[in-house]
Amino acid sequence: MKYFVRALKYFAWLCVLYVAIVWLMYWSGSFAEHPWQMMKVVLQSQRGMLMMAAFVVLAAAYPMFGFMRKRIGGSVARDRELIIRAFLAQGFRLTGERDGEMTFRGEGFIKRLSLLFEDDITVRDTGSGLEIEGIRRAVARIAYRLDGYIFNSKFDEK
């Protein structure tokens, strides 16, 4: 069910983006027709149907490629402050904490909207390191930053 909801959100985002582009082109003077009239004509054409099919395929594939799990060295107990600092630096705040697991969410409406409200990122202690799970672009940035923080903290302790 989660996969379907994510795909549906992404499809809606693609449609909103298309409408926004058409309106921008109208306001810039590129179209003489009203945007809704132009979109109606385009969507009734073969190219318009092909574009909608491409939107559906992209939206269906997005949850598969748009989310990831990343493993890095560290421990939730030992590196708790570094984890929180790395997430704060990327615009996330701690929303929940359980046994060896921390959950973060985007700070503010704009941040959450930019991540299509799929902004929950979970950090789990796997025993052999940390596992960060969530939307790909945020997880990649946070994992890179957190890995650097943890690496540098080893030199601060000596």
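The values are calculated or read from the model by the stated rules, or taken from the named source; none is laboratory data. All values reported here derive from a predicted model rather than from experimental measurement. Glycine also receives a Cβ, built like all others from the backbone with ideal geometry; neighbour counts cover every protein chain displayed.
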Checked the range 92-103 for anything in contact with a helix residue (DSSP H, G or I) (Cβ under 7 Å, 6 or more places away or on another chain) and either in contact (Cβ under 8 Å) with a residue 24 or more places away in the chain or among the β-branched types (V, I, T) (or both); matches are M102
Somewhere in the range 46-55, is a residue in contact with a helix residue (DSSP H, G or I) (Cβ under 7 Å, 6 or more places away or on another chain), over 23 Å from V19 (Cβ atoms) and either free of Cβ contacts under 8 Å to residues at least 12 places away in the same chain or not charged (D, E, K, R) (or both)? no
Looking only at the range 66-100, how many residues end up being farther than 20 Å from S128 by Cα and either touching a strand residue (DSSP E or B) at 6+ places or on another chain (Cβ under 8 Å) or among the hydroxyl-bearing types (S, T, Y) (or both)? 9
Considering residues of the range 75-101 that are surrounded by 16 or more Cβ atoms within 10 Å (Cβ to Cβ) and touching a Phe, Trp or Tyr at 6+ places or on another chain (Cβ under 7 Å) only, the residue farthest from R137 (Cα to Cα): L82
Please verify whether F104 is in contact with a Phe, Trp or Tyr (Cβ under 6 Å, 6 or more places away or on another chain) and closer than 26 Å to M1 by Cβ, treating the condition exactly as stated. yes
If I filter the range 49-61 for residues that are under 24 Å from L115 (Cβ atoms), assigned by TED's automatic domain parsing to the domain that holds R145 and under 18 Å from the mean Cα position of the chain (by Cα), do I get at least one hit? no
Within the range 104-116, tally of residues that are assigned to a loop (DSSP other than H, G, I, E, B) and touching a helix residue (DSSP H, G or I) at 6+ places or on another chain (Cβ under 7 Å): 2
